Each structure stands twice: as structure tokens, then as C-alpha cells.
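Written out below as C-alpha cells is the structure these notes cover.
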Amino acid sequence: MPNQQLIPKEVMQTLTYVLHNSKYYKKSLSGINFKQEDLSFHEWSNIPFTLKDDIAKNNLDFLSVPMTEIADIVTTSGTMGDPVTVYLSRSDLKRLALNERDSLSLAGVREGDLVQLMTTIDRQFMAGIAYYLGVQELKAGIIRIGPGLPELQWSSIINNKPRVLIAVPSFILILIDFAKKHGINLHDTSVESIVCIGESIRDDAFHLNVLGKRITNDWDVNLFSTYACTEMATAFTECHAQQGCHLNEKLLFLEVVDEHGNEVGDGEEGEIVITTIATTGTPLLRYKTGDIAKRFMQKCSCGNSAPRLGPIVGRKNQMIKYKGTTIFPQTLFDIFDNIEEVACYKIIISKDNFQNDQITILLQKEILDTNIYKIIIEKCQSRLKVIPIFTFNELEIIQAQVYKKNLRKPEKIVFI
Ligand SMILES: [Zn+2]
């Protein structure tokens with residue numbers, strides 16, 4: 001971004017708004033003199049980043065409207081660190097609906113479509129309510145089955161004939177498995193596309209990764225990637241060109257920075273930093289999400305010129321330092337998702353006595369003493385250069401540890 005270029009006026013409105021309404025920013029920005037109406041990118045880059053920890057420690061100071069104007073209170077999942085609370089005003093709910101309308105439209109959802117929702121809508125989960133509101137805004141219909149329950153999901157697919165599913169992709173593998181075991185013909189369903197949340201389905205070159213391929217090898221459906229986090233209250237979504245997830249420029253200002261906080265170039269990897277636009281309840285300035293991805297600036301073949309994000313490479317705080325190498329969880333997922341005999345697995349990252357990361361993989365006990373186990377060890381050796389610790393248990397026990405009833409997403413990895 002040229003340093004002298006001016007910051008968009010909608011972003012300047014966020015700055016003005018937080019300086020008047022957010023206790024946190026009034027204090028943290030008190031030493032900076034914002035006299036001019038416009039800021040260049042260079043001047044903007046002097047504004048300090050907001051970290052997740054800043055919100056966790058000063059959560060109520062980010063609330064920028066009286067509590068009586070709050071329409072909905074959501075929390076982050078808290079898979080890493082303390083959960084944070086995001087307060088949505090009535091206008092934020094409207095913004096969330098427009099965000100999801102735009103997001104689902106990019107993924108090809110149209111007026112009159114029927115969408116089956118396979119995530120929770122309760123437990124203060126923002127995405128669930130966003131999907132509901134967005135589907136209404138699109139004048140489409142929704143079937144709120146919620147997470148899990150493959151039998152109920154299939155009975156609704158067969159009876160209600162939704163064209164679109166919204167789901168965590170690894171759950172789709174369970175649906176496929178259920179269909180195979182119960183004589184459901186995957187070549188004759190109403191489902192044409194799946195809006196995927198929470199997990200990457202593409203590799204660096206935008207081809208389907210092993211998880212994506214495992215789904216489409218069995219089921220002829222079109223998969224769409226999305227990326228979002230609760231704090232931004234906005235989704236990045238793939239269009240039909242499937243060359244990265246588009247930014248919604250009306251709702252979010254995007255920066256991608258290196259470890260020194262400097263903007264990275266086109267196609268380079270960095271941490272995603274966002275500033276909310278038109279948010280009144282919990283507006284955020286230069287919020288460091290901790291998520292790492294590549295940003296692409298060229299106009300997409302669909303005609304949309306908004307920047308696109310590549311697949312999330314990992315979270316900054318999920319980097320595993322292992323015997324001199326750095327590993328992101330996705331590399332581990334790719335290994336185990338790619339082995340059909342591995343029905344379910346759980347990765348446990350712990351510290352050894354020397355504070356080094358230690359990787360333990362929990363696998364179903366049938367794998368021990370088979371050729372598959374040898375293949376797994378070879379794959380770990382070639383991809384990771386090291387061999388993790390393996391432990392074995394009953395499949396049902398592992399599944400219960402991954403698909404926990406009280407969690408919104410499958411917990412394939414845990415840091416302890
Ligand atoms: Zn596009």
C-alpha cells in the first residue's frame with residue numbers, strides 16, 4: 001500500500017467514533033494527536049495494534065454504546081486463551097445480516113434456496129446467528145439442525161431437499177461415512193454446494209487439500225471456503241472463481257503485517273489485522289487476529305477488486321516448535337486427513353521438562369500393528385522430519401474427545 005495514499009473515509013469514521021465512544025481507545029490513543037481529517041497509510045501505521053489480550057483484560061472498556069442498547073452478546077470460542085465478549089448493538093445485528101447476505105451470495109446462495117445449518121445457533125456463537133440473519137436477508141430458507149446428529153441431518157436432507165449446507169468440513173466426512181453405512185446414495189441428493197467453516201479446504205495453490213478432496217471424491221458437491229473471527233463480525237468468502245476469500249470492503253479494513261508490524265507485499269504471508277467499519281457495540285482498530293495467511297491484491301476473475309486471503313496457514317499462538325523445526329497444525333491435519341483408515345484422531349501438544357513442545361497423536365487401536373501404522377510413521381518422517389508420540393484407544397473414545405457436545409468446532413488439536 002503506498003504510504004502517502006489516504007485511509008478510506010469509512011475507516012476514519014471508525015477512528016473518530018472510537019475516540020468519542022470507546023473508553024479503551026480514548027485512553028490508549030490519548031498520546032496521539034489526530035488533528036487532520038485524513039490520515040495517510042504511513043500516519044495510520046502509528047496507531048498501536050489491539051491484541052486479543054487487550055480485549056480480554058479490558059473487555060468492558062471496549063463497549064462503545066450504553067449496555068441498554070445492546071441487542072446480543074456473543075463470545076469467542078476460547079479455544080486459545082480466555083474467551084472475549086463482543087457486544088452487538090441493534091445496528092450491529094443489521095450489519096451482521098448484510099455481511100452474511102453478501103458472504104452467502106458470493107458462495108452462490110440465492111433467493112428461494114434452502115440452506116441446512118449444521119452449526120449451533122446458541123451458546124453465544126456469532127456465526128450461527130449470522131447465518132440465520134443472512135439467509136433471511138437473502139430471502140432464502142434455513143433448516144436449523146445444528147451440529148452433529150448425522151441421522152437427523154440425512155433425514156432432513158432427504159425430506160427437505162436443501163441445495164446448500166453450512167458445515168464444518170470434517171463433519172461432512174462423518175456424514176459421508178454414515179451415508180455409505182446406511183445405503184444413502186450420494187449420487188442422488190439435493191445438495192449442490194457446501195459453505196465450509198472453521199477449517200481450511202484448500203492448499204496454497206487454491207486446489208482442494210486432502211480434507212476437501214476426501215469430501216469431493218465421494219460426493220459431487222462444490223465446496224466454498226470462508227474465513228471469519230468473532231471480533232471482526234465479518235466473513236471473508238470465496239466466489240465461484242475459488243481463488244481466495246474476498247474481503248467485504250464495506251464492513252472491514254484489512255492489513256496484513258509481518259512480525260515487525262510492517263505491511264507485507266502482494267501474495268506474501270503475514271498476520272491478518274482488521275479495523276471494523278460501521279460497528280457501534282465493540283468497534284476495533286488495528287486488531288491483530290493471530291491468524292496467518294497470504295493476501296492477494298489483483299482483481300479477481302469474477303470482477304471483484306477487493307483483496308483476497310489465501311487459506312489460513314495457522315494461528316500465531318499455534319506454532320509448534322518441535323526439535324528445531326516449526327510446524328503449524330495444518331501440516332499435521334494434512335497427514336492424518338489423508339489416510340482413509342484413520343477414522344478420527346486427536347493431536348495433543350504439551351511441554352516436556354525442558355519446555356519444548358511435544359506432539360502426541362491419539363489413534364484408534366486397530367491401527368497398531370498394521371501396515372497403516374508404518375505408513376503413518378514414514379509420512380511423519382518425511383513431512384515433519386520427526387516422529388511424534390503415538391497412543392491408541394477405542395474409536396468411540398477418540399470421537400467423543402474430538403466432537404465434544406459443548407464445543408462449536410471439532411477439537412482435533414489441543415494445547416496443554
Ligand atoms: Zn472473486
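What to note about this one:
- Among residues of the range 42-69 that are assigned by TED's automatic domain parsing to the domain that holds GLN5, those with a beta-carbon under 6 Å from a residue that is open to solvent by 70 Å² or more (accessible area, probe 1.4 Å) at least six positions away or on a different chain give the pairs HIS42/ASN3; ALA56/ASP82; ASP61/LYS23.
- The set of residues in the range 296-307 being within 29 Å of THR76 (Cβ to Cβ), open to solvent by 10 Å² or more (accessible area, probe 1.4 Å) and either within 11 Å of the ligand (Cβ to nearest atom) or in contact with a strand residue (DSSP E or B) (Cβ under 7 Å, 6 or more places away or on another chain) (or both) consists of PHE296, ASN304, PRO307.
- In the condition set (1) open to solvent by 20 Å² or more (accessible area, probe 1.4 Å); (2) assigned to a helix (DSSP H, G or I); (3) touching a Lys or Arg at 6+ places or on another chain (Cβ under 8 Å), PRO147 is compliant with all but (2).
- Taking the conditions (1) over 21 Å from the mean Cα position of the chain (by Cα); (2) within 16 Å of the ligand (Cβ to nearest atom) in turn, THR325 satisfies each one other than (2).
- Helices (runs of 4 or more DSSP H) enclosed by the range 20-106 - at least 2 residues per element that are closer than 27 Å to GLY128 by Cα: 52-57, 90-106
- Scanning the range 239-248 turns up no residue that is of a type in the set (A, V, I, L, M, F, W, C), away from the ligand (no atom under 16 Å from the Cβ) and either modelled with pLDDT of 95 or more or within 15 Å of LEU104 (Cβ to Cβ) (or both).
- Filter pass, THR280 being more than 16 Å from the ligand (Cβ to nearest atom), over 23 Å from PRO169 (Cα atoms) and open to solvent by 10 Å² or more (accessible area, probe 1.4 Å): yes
- Residue match in the range 219-226 (condition: open to solvent by 10 Å² or more (accessible area, probe 1.4 Å), more than 16 Å from the ligand (Cβ to nearest atom) and out of contact with any Gly (no Cβ under 7 Å at 6 or more places or on another chain)): yes
The values are calculated or read from the model by the stated rules, or taken from the named source; none is laboratory data. Just so we're clear, the structure is a prediction, and the values are computed from it rather than from any experiment. We place every Cβ from the backbone using ideal geometry, glycine too, and count neighbours over all the protein chains shown. Heads up: the accessible areas ignore ligands, DNA and RNA and are worked out on the full protein's heavy atoms, side chains in. Shrake-Rupley method; radii C 1.70, N 1.55, O 1.52, S 1.80 Å.
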